[in-house]
1. For residues that are outside any loop (DSSP other than H, G, I, E, B) and more than 20 Å from the chain's Cα centre (by Cα), tally how many sit in segment 200-218.
2. Can you tell me how many residues within segment 44-70 are away from the ligand (no atom under 16 Å from the Cβ) and not in a helix (DSSP H, G or I)?
3. Within segment 83-128, which residues are away from the ligand (no atom under 12 Å from the Cβ), closer than 23 Å to Glu71 by Cα and touching a helix residue (DSSP H, G or I) at 6+ places or on another chain (Cβ under 6 Å)?
4. For segment 168-199, which residues satisfy the criterion of being of a type in the set (S, T, N, Q), in a loop (DSSP other than H, G, I, E, B) and touching a helix residue (DSSP H, G or I) at 6+ places or on another chain (Cβ under 9 Å)?
5. I'd like to verify a number: residues in segment 141-166 that are of a type in the set (D, E, K, R), part of a helix (DSSP H, G or I) and more than 16 Å from the ligand (Cβ to nearest atom), how many?
6. Looking at Ile169, Ile210, which one is within 16 Å of the ligand (Cβ to nearest atom) and touching a Phe, Trp or Tyr at 6+ places or on another chain (Cβ under 8 Å)?
7. Filter segment 21-45 down to the residues that are small (Gly, Ala, Ser), under 30 Å from Ala239 (Cβ atoms) and crowded, with 16+ Cβ neighbours inside 10 Å and list them by number.
8. Here are some conditions: (1) aliphatic (A, V, I, L, M); (2) assigned to a loop (DSSP other than H, G, I, E, B); (3) more than 30 Å from Ile183 (Cα to Cα). Leu138 meets all but one. Which one does it not meet?
Amino acid sequence: MSILLDGKATSLKIHDELAVRVKEIKKEGGKVPHLAAIIVGDNGASRTYVNAKVKTCEKVGFESSLIQLPEDISEVALLAKVAELNNDASIDGYIVQLPLPKHIDETKITLAIAPHKDVDGFHPENVGRMALGLPCFLPATPAGIVELLKRYEVPTEGKHCVIIGRSHIVGAPMAMLMWQNAIPGNSTVTVTHSRTTNLKEICLSADIIIAAIGKPEFLTGDMVKEGVAIIDVGITRVADATKKNGYRLLGDVNFEEVAPKASFITPVPGGVGPMTIASLMINTLKAVDRN
Ligand code: GUN
């Protein structure tokens, strides 16, 4: 029987812990954390994510600002908005929701965000500090996974951790966190990607698999060994006429096949997703101190 890594329940616990801290801050007359989110255009998934982030701010007692900008905004105008937020002392941290429209250079925007307000942890200064194990904002998804591994005491030391996917948001930072000298951490890490030729063989030797490629039900039962710990980062909308909203969410892991062999496994939804938002809130609280 596998243990379900319940990201939903864990994130609710973190929300409660944050709400307690906000009450203390208010009592002490300190600064209440304020998160701003920029969203450009009308991407349905992005809107859902950003709305969830703003709602969580309200729930834990943070202040929040949602800045909705038109799809056809120029890069220069978006950079001006970023500069405005950098200089706004009332805002402790902010995010620019990705992806951005094609005519805007995401790297240019990321580089313009003040590192001390970069609660997404995407700026090279934060990425570099993470690589060196220095204090920084950890990117929310990897940080949420680490928090889940920590709270469920999933063994990582000396284990073979296989990461599927090398994205800058999940795969690459996740590798750094799993090999760092820490608990969770101290794993032997293999990062696999689209050019990996012997993926099944590598996965079969894994004690921990972190799947982050966005291909629904990609990891099947025949690809994992007994006792593996599974972290499923995938969250793909698949059309489903039986659902009220017309879609259902699928992870990168075939849960039915893999769960019976796993020691630990995250569900989708309710696994990594809610932890990501909880991590963003933790970073926003941290940002108050960094500013
Ligand atoms: N798009 C998908 N995930 C993220 C995230 O964590 N932050 C931002 N800003 N955009 C995203």
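1. First, the residues of segment 200-218 that are outside any loop (DSSP other than H, G, I, E, B): 200-204, 208-211.
Applying the additional criterion that residues be more than 20 Å from the chain's Cα centre (by Cα) yields 200-204.
Looking only at that region, the number is 5.
2. 4
3. Looking only at segment 83-128, we keep the residues that are away from the ligand (no atom under 12 Å from the Cβ), and these are 83-92, 101-105, 107-108, 111-112, 114-117, 124-128.
So of that shortlist, the ones also closer than 23 Å to Glu71 by Cα come out as 83-86, 101-105, 107-108, 111-112.
The answer is Ile104, Ala112.
4. Just the residues of segment 168-199 that are of a type in the set (S, T, N, Q), to begin with: 180-181, 186-188, 190, 192, 194, 196-198.
Filter once more, keeping what is in a loop (DSSP other than H, G, I, E, B): 180-181, 186-187, 194, 196-198.
Residues satisfying the conditions are Gln180, Asn186, Ser187, Thr196.
5. Taking segment 141-166 and keeping what is of a type in the set (D, E, K, R), we get 147, 150-151, 153, 157, 159, 166.
Restricting the remaining residues to those that are part of a helix (DSSP H, G or I) gives 147, 150-151.
Pick out the ones that are also more than 16 Å from the ligand (Cβ to nearest atom) and you get 150-151.
Total meeting the criteria: 2.
6. The conditions single out Ile169.
7. Going through segment 21-45, the residues small (Gly, Ala, Ser) turn out to be 29-30, 36-37, 41, 44-45.
Right, trim to under 30 Å from Ala239 (Cβ atoms) and you get 37, 41, 44-45.
Correct list: Ala37, Gly41.
8. (3)
Read the figures in this text as sums done on the coordinates, not as results from a lab. This one's a predicted model, so the numbers in the text were calculated from it and none came from an experiment. Cβ: placed from backbone, ideal geometry, glycine included. Neighbour counts: every protein chain shown.
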